[in-house]
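**Student:** This is the structure I have questions about; it appears just below.
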Amino acid sequence: MTIAEQMAKVARDARMAAQVVAGLSTAVKDDLLRRMATALIERTEEILAANELDLAAGREAGLAPAMLDRLALDPSRIRAMADGLREVAELPDPVGEVTGMWRRPNGLQVGRMRIPLGVIGIVYEARPNVTADAAGLCLKSGNAVILRGGKEAVHSNLAIGRVLSNELERLGLPAAALQVIATTDRAAVLELLKREEEIDLIIPRGGEGLIRFVAEHSRIPVIKHYKGVCHVFVDAGADFAEAEKIALNAKVQRPGVCNAMETLLVHQGIAETFIPRIAAAMRTHGVELRGCATTREFAPAALPASEADWHAEYLELILAIRVVESLDEAIAHIRTYGSLHTEAIVTRDYANAQRFLREVNSSVVLVNASTRFADGNQLGLGAEIGISTTKLHSFGPMGLEDLTTRKFIVYGDGQIRN
């Protein structure tokens, strides 16, 4: 069977399975997720053995330490995956929810009901925990899911997939509701991206190169998130201790993730005092600074920032700093160089905070809080399937509701249209 034939079968099987999953009760779905969580714990050794094969191959291939860390599993990380499934089981089920009813002059009652999207394809890199996280969210929202991870984690992903799909079968549910693609051939991705009749949505999770590849080749709608060029703007009159705490957390708590700060904007009215302070704090944590000319007056050790630095998603301990004359200039900088991901303002000026919230149209905008809160779990969604910087059909961290759509429902008592 060719790769094209294999992927066609995967997609057709998923479409059939989706019809079953869409009709499952909340109780059955929650029981399934809890069983999956228990199975992950019970089969930890099997999963770790598969993960060691991936780690050994990664070390031989010379993967960077950060990549190996993302790839690595241990009992605590497997427990975290299991806990994630249990948390999703506790979340309200969006399927079947009726959002608003209104009556028309002819007596018709009109409303909208949440329904599953159908079949969701997820293309991702390196992190095997995505296999369990995505499966739990898709199944709870009544969708079938096709998972295609990167070659670096193929053994881990397949092992996790086997554990989870076994629980589907034990409950008499179609295993095709959760499929992990075994082949690492990129041709398989290209074939899946053609299956617009069976697959309803593609969600790529990984680096900018992967996401652009998927977006360029897909016939299916794609949730895009190219990169996270996140900003923190420290306004005039900001509390310096608070601003320092927020900026440090945004940059150094976990620099290799998409909601880490990449550019710090500082109001010129406080630059002389605040920049030496924040520069010293950042250097204590090993952060390399790249600054505009004014920044370098107050932090001479900073390297000169180029135009490319304002566009950069470093994903490491590098920070660009720019001094701006006003809130207007800060907003203009974000509009020019931002990636619609996450922006924060540190200010004690209520009017400026409100302007920032209204005029900065990234997917998450914060006042006096770290950009690291741009995360589905942190924002109360329970978990997330990814972060969308595409305004249709979802924007920002995507939870269960974002894996559904709405249909119109209409109640009548014999009305006909004239």
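**Student:** List the number of the failed condition for ARG254; all other conditions in (1) modelled with pLDDT under 95; (2) touching a strand residue (DSSP E or B) at 6+ places or on another chain (Cβ under 9 Å); (3) more than 21 Å from ILE122 (Cα to Cα) hold.
**Tutor:** Result: ARG254 fails condition (2) only.
**Student:** When the residues of region 264-287 are filtered to those that are surrounded by fewer than 15 Cβ atoms within 10 Å (Cβ to Cβ) and within 29 Å of the chain's Cα centre (by Cα), which remaining residue is nearest to ALA243 (Cα to Cα)?
**Tutor:** So the residue we want is HIS285.
**Student:** Then there's this: Can you name the number of the only condition in (1) part of a helix (DSSP H, G or I); (2) charged (D, E, K, R); (3) surrounded by fewer than 23 Cβ atoms within 10 Å (Cβ to Cβ) that GLU197 fails?
**Tutor:** (1)
**Student:** What tally of residues in region 291-304 results from selecting those that are in a loop (DSSP other than H, G, I, E, B) and either among the polar types (S, T, N, Q) or under 29 Å from the mean Cα position of the chain (by Cα) (or both)?
**Tutor:** The number of residues fulfilling the criteria is 0.
**Student:** Name, by its number, the condition in (1) within 17 Å of ASN157 (Cβ to Cβ); (2) under 24 Å from the mean Cα position of the chain (by Cα) that does not hold for GLN6.
**Tutor:** That leaves (2) as the condition not met.
**Student:** What are the residues in region 85-108 that are among the acidic types (Asp, Glu) and within 22 Å of ASP133 (Cα to Cα), if any?
**Tutor:** Listed by number, the residues that qualify are GLU87, GLU90, ASP93.
**Student:** Being surrounded by 23 or more Cβ atoms within 10 Å (Cβ to Cβ) and either more than 28 Å from ALA332 (Cβ to Cβ) or touching a Lys or Arg at 6+ places or on another chain (Cβ under 6 Å) (or both) narrows it down to one residue among ILE246, ILE202; which is it? Let's see the steps before the verdict.
**Tutor:** Working: ILE246 fails: either more than 28 Å from ALA332 (Cβ to Cβ) or touching a Lys or Arg at 6+ places or on another chain (Cβ under 6 Å) (or both).
Only one candidate passes the filter, namely ILE202.
**Student:** Also: Would you mind telling me which numbered condition in (1) in contact (Cβ under 8 Å) with a residue 24 or more places away in the chain; (2) of a type in the set (Val, Ile, Thr); (3) within 30 Å of ILE47 (Cα to Cα); (4) not in a strand (DSSP E or B) ILE203 fails?
**Tutor:** It is condition (4) that ILE203 fails.
**Student:** For region 347-383, give me the residue count where each residue is of a type in the set (Asp, Glu) and in contact with a helix residue (DSSP H, G or I) (Cβ under 8 Å, 6 or more places away or on another chain).
**Tutor:** Looking only at that region, the number is 1.
**Student:** When region 356-382 is examined, which residues are found to be more than 20 Å from ARG322 (Cα to Cα) and out of contact with any Lys or Arg (no Cβ under 9 Å at 6 or more places or on another chain)?
**Tutor:** LEU357, ARG358, VAL364, PHE373, ALA374, ASP375, GLY376, ASN377, LEU379, GLY380, LEU381, GLY382
**Student:** If you don't mind, there's one more thing I want to ask. With the checklist (1) assigned to a helix (DSSP H, G or I); (2) surrounded by 16 or more Cβ atoms within 10 Å (Cβ to Cβ) in hand, flag the one item ALA187 doesn't pass.
**Tutor:** Unmet for ALA187, out of (1) assigned to a helix (DSSP H, G or I); (2) surrounded by 16 or more Cβ atoms within 10 Å (Cβ to Cβ): (2).
**Student:** OK, next. Considering only strands (runs of 3 or more DSSP E) fully contained in region 311-418, which possess at least 1 residues that are loosely packed, with under 14 Cβ neighbours inside 10 Å, modelled with pLDDT under 95 and within 16 Å of the chain's Cα centre (by Cα)?
**Tutor:** Working: elements: 318-324, 342-346, 364-367, 386-388, 396-398, 404-411.
Correct list: empty, since no element meets the threshold.
Table: residues versus (1) assigned to a helix (DSSP H, G or I); (2) in contact (Cβ under 8 Å) with a residue 60 or more places away in the chain.
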residue	(1), (2)
PHE213	yes, no
GLY228	no, yes
LYS245	yes, no
ALA250	yes, yes
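**Student:** Moving to a separate point now. Within the set of pairs 6+ apart or on separate chains, which have a first residue in region 168-187 that is in the same structural domain as GLN19 (by TED's automatic domain parsing), a second that is assigned to a loop (DSSP other than H, G, I, E, B) and of a type outside the set (Val, Ile, Thr), and C-beta atoms under 8 Å apart?
**Tutor:** Qualifying pairs under 8 Å: LEU168/PRO174; LEU173/LEU24; VAL180/GLY149; ILE181/GLY149; THR184/GLY150.
**Student:** In region 79-87, is there at least one residue being under 30 Å from ILE416 (Cα atoms) and either assigned by TED's automatic domain parsing to the domain that holds LEU164 or β-branched (Val, Ile, Thr) (or both)?
**Tutor:** From region 79-87, those under 30 Å from ILE416 (Cα atoms) are none; that's our starting set.
Checked region 79-87: no residue is under 30 Å from ILE416 (Cα atoms) and either assigned by TED's automatic domain parsing to the domain that holds LEU164 or β-branched (Val, Ile, Thr) (or both).
The values are calculated or read from the model by the stated rules, or taken from the named source; none is laboratory data. The structure displayed is predicted, hence computed values, not measured ones. Reconstructed Cβ throughout: ideal geometry from the backbone, glycine too, with neighbour counts over all protein chains shown.
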